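The values are calculated or read from the model by the stated rules, or taken from the named source; none is laboratory data. On a predicted model such as this, the values are computed, not experimentally measured, just so you know. Please note: Cβ atoms are built from the backbone with ideal geometry, for glycine as well, and neighbour counts cover all protein chains shown.
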Amino acid sequence: MIPVLLALGCSESVGHTGTDTAPAPDTAPEFDTTYDVVVVGSGPAGSAAVLAAAEAGASVVLFERETTLGEGVRMASQAYGILTPWQEDAGIVDSLALAQAEWTTLTGADGTAASVTAYLSGTSEVLVWLSDHGVDIRGPNNAAGEGSVARIHEFRWPGEGTSFEQLMGDTAYTARTGVEVTGPVIVDGAVVGVEWRDVATGETGATGARGGVVVATGGFLRNREAVAEVRPDLAELDPIFETLKSSTGGGLPFFEAIGAGREEPANIGTYVHSVPDPRDPDTEAMILMTTPAYLLVGSDGQRFTAGGSFGSFDVVDLLPAGGAWLVAGVDDAESMVFSPPAYNWANQDAGPELYSLPALQALGSEDLVVDADLATAAVVAGVDPAVADVIDAYNDLAATSQTDEFGTSLDPTDQLRGTSWAFVHFRPALAKNFGGVLTDLSSRVLTPDGTPIPGVWAAGECVGMVPGGGSGRGFSGSASALYYGGRLAGAGAAERSLSAP
Ligand SMILES: Cc1cc2nc3c(=O)[nH]c(=O)nc-3n(C[C@H](O)[C@H](O)[C@H](O)COP(=O)(O)OP(=O)(O)OC[C@H]3O[C@@H](n4cnc5c(N)ncnc54)[C@H](O)[C@@H]3O)c2cc1C
C-alpha cells in the first residue's frame with residue numbers, strides 16, 4: 001500500500017549524506033538508516049541513478065558488493081547515439097526515422113516501439129550530460145553493422161582518478177562498498193528498503209528507502225545456472241566471457257522476491273572475436289583490436305560467415321561444430337595487436353599494454369598459430385589445408401572488386417596478403433544481456449502482467465539495456481542505454497520521495 005511509503009517522505013537538503021533516521025513503518029524491520037533513494041550496483045546504470053537522484057536533491061546510498069566502485073563504468077565505453085552534437089560537428093546527417101528503420105535490421109526488434117523511440121530520442125541528451133560530467137566523447141564511428149551513418153561515440157576519461165570518480169565528481173552520496181544487497185524490504189506490496197550483508201564480516205542489516213530502490217546489478221552471464229534456465233543451447237558451450245566478473249545476476253533474488261516479470265531474458269549477446277587470456281583463461285576474454293584483412297573459416301577450411309559478421313552479437317549461431325578460426329596474412333606479426341582483458345577504449349590515451357601476436361604466443365596461448373607457410377600453419381591449427389584454395393578464390397574476387405558468396409562487396413584492399421599466415425582460434429564468448437527484468441518506459445519494475453511494483457526501479461544490463469525492452473538480439477554502444485535507464489530510475493525514485501507530502 002503506497003500510503004505507508006508516502007507517510008515516510010521527507011524533504012532533505014541537497015547533498016545530504018545519509019544520516020537521517022526517519023521512523024520506519026511498523027511492519028518493516030528497524031532500519032539502520034533511511035535515505036530517499038537506495039541504489040544497488042555501481043556500474044554505469046547505478047552511477048547514473050546516483051547522480052540523477054542526488055542532482056534532484058535526494059539523499060542517496062549506493063550499495064556495491066565489490067570493494068571498489070565502478071568497474072563497469074571503466075569498461076562500458078561505446079555509446080550509440082543519434083542527432084548528437086558530435087554527429088553534427090562531423091557533418092553527419094541522421095534522423096530518428098532512419099535510426100528506427102535501421103534498428104530493426106540491427107537488433108531484430110521493432111525500431112518504432114515506444115521504448116526504442118524514447119531511448120533513441122534520448123541518446124543525444126544523455127551523451128551531452130555525460131560530457132558535462134567529465135567524459136571526453138570521441139567520434140562518432142561506424143562500427144560493423146550499426147547502420148548507414150556513424151553512431152558509435154567513444155569515451156575517454158582525461159581527468160584525475162578512476163573513471164567512476166571522475167563521473168561522480170563532488171556529488172554527495174553515501175557509498176557502502178563490500179556490502180551486498182540480499183533482498184528487498186516489502187511493506188504492503190511496496191518496496192521500502194533493502195536487506196544487506198557485509199561480504200567480509202557477515203554482518204547484516206536493513207536500510208530504508210523513502211522514494212525507492214534502484215536495482216542496477218548488471219547481467220547474469222557468469223551464472224551458468226541462470227543462463228541454462230533461459231538458453232539451454234548456451235549451457236552446452238564451453239564459453240569464454242566478455243562480461244564483467246561481477247555479472248552473476250546479483251539482482252535476481254531481489255527481482256524474484258518482489259514478483260517482477262521478465263522480458264526476453266533469452267536475448268544473450270554472444271561474440272566470437274576473442275581469445276582467452278593465456279595467463280588466466282577465467283578472466284575476461286581478450287579483444288582482437290586491429291586485424292588486417294581476414295576470413296572466418298571452420299576446421300574444413302571453408303568460410304562460414306562474412307567478415308563483417310565478426311563483430312555482431314549472434315555469430316555464435318553460425319559457428320561450425322568443429323570450431324572457428326580467423327585466418328589472416330600478416331606482414332609483421334607485431335602489427336596484429338590484441339588487448340589484454342582489463343583494457344578498454346576509455347583508457348586508451350593512458351597507454352594500455354597491448355599484445356602483439358608473438359607476445360601472446362610467448363605467453364603460451366594455444367589459440368594462436370603463425371607460420372610463413374600457409375599449409376603448415378593450417379595443419380598446426382587443425383584446419384584443412386584446403387583453406388589455401390578458399391583464400392585464392394577470395395583474393396581473386398577482391399582483386400577484381402567483385403561480391404563474395406555472402407553478398408559482401410570487395411575491393412583489392414580486402415585481399416589476404418603477407419609474409420606469414422596467422423590462425424586465431426575463436427571460442428564463443430558470452431558478452432551481454434539484452435533482455436532482463438520487465439520495466440516500463442520510466443524504468444519502473446513491473447509484475448508479469450505489467451503492473452508497476454511501488455518503490456522499485458531497475459536499469460542497465462539487468463533490464464537488458466533499453467528500459468521497457470526493445471534491445472532485441474543486441475547492439476553495440478549500449479553504454480548510452482545503461483546511462484539513459486539509470487538516469488530515469490534515479491530521477492524517478494528521487495521524485496517519488498521528494499514530492500511526497
Ligand atoms: C572487457 C570488457 C569490455 C567491455 N567493453 C564495453 C564497451 O566498449 N561498451 C559497452 O557498452 N560495454 C562494454 N562492456 C560491457 C559493460 O561493461 C557492461 O555492459 C556494463 O558494465 C553493464 O552496466 P550495468 O550498470 O548494468 O552493470 P555493471 O557494470 O555490471 O554493474 C553492476 C554492479 O552491481 C554490483 N552488484 C551486483 N549484485 C549486487 C548486489 N546484490 N549487491 C550489491 N552490488 C551488487 C556488481 O558488483 C557490479 O559492480 C565491456 C565489458 C567487458 C568485460
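Every condition in (1) of a type outside the set (S, T, Y); (2) surrounded by fewer than 22 Cβ atoms within 10 Å (Cβ to Cβ); (3) under 25 Å from I391 (Cβ atoms); (4) at pLDDT 70 or above is met by G261 except one, and the failing one is (3). Which pairs do you get when a residue that is under 18 Å from S115 (Cβ atoms) and more than 12 Å from the ligand (Cβ to nearest atom), found in the stretch 242-269, comes within reach of a residue that is modelled with pLDDT of 95 or more and hydroxyl-bearing (S, T, Y), reach meaning Cβ atoms under 8 angstrom, with the pair 6+ apart or on two chains? These pairs meet every condition: A260/T447; G261/T447; E263/T439; E264/S471; N267/S471. Given the criteria hydroxyl-bearing (S, T, Y), at pLDDT below 95 and within 16 Å of the ligand (Cβ to nearest atom), does S47 qualify? No: the conditions fail for S47.
Among the residues making up the stretch 464-483, a single one is part of a loop (DSSP other than H, G, I, E, B) and among the aliphatic types (A, V, I, L, M): V466. Taking the criterion of being touching a helix residue (DSSP H, G or I) at 6+ places or on another chain (Cβ under 6 Å) and either surrounded by 15 or more Cβ atoms within 10 Å (Cβ to Cβ) or under 30 Å from R222 (Cα atoms) (or both), the residues of the stretch 389-407 that qualify are A398, D404.
Just for the stretch 441-460: of the residues that are within 14 Å of the ligand (Cβ to nearest atom) and part of a strand (DSSP E or B), which one is nearest to the chain's Cα centre (by Cα)? Only one residue tops the list, namely G460. From the residues in the stretch 157-197 that are away from the ligand (no atom under 14 Å from the Cβ) and acidic (D, E), which one is nearest to A257 (Cα to Cα)? Looking at the filtered set, the residue picked out is D188. The residue of the stretch 145-176 that is surrounded by the fewest Cβ atoms within 10 Å (Cβ to Cβ), among those that are in a strand (DSSP E or B) and basic (K, R), is R156. Against the conditions (1) in contact (Cβ under 8 Å) with a residue 40 or more places away in the chain; (2) more than 12 Å from the ligand (Cβ to nearest atom); (3) more than 30 Å from A359 (Cα to Cα), A216 satisfies every one except (2). Condition first: surrounded by fewer than 18 Cβ atoms within 10 Å (Cβ to Cβ) and under 22 Å from G219 (Cα atoms). Can you find one or more residues in the stretch 449-459 that meet it? Looking for residues that are surrounded by fewer than 18 Cβ atoms within 10 Å (Cβ to Cβ) and under 22 Å from G219 (Cα atoms), one finds at least one in the stretch 449-459, hence yes.
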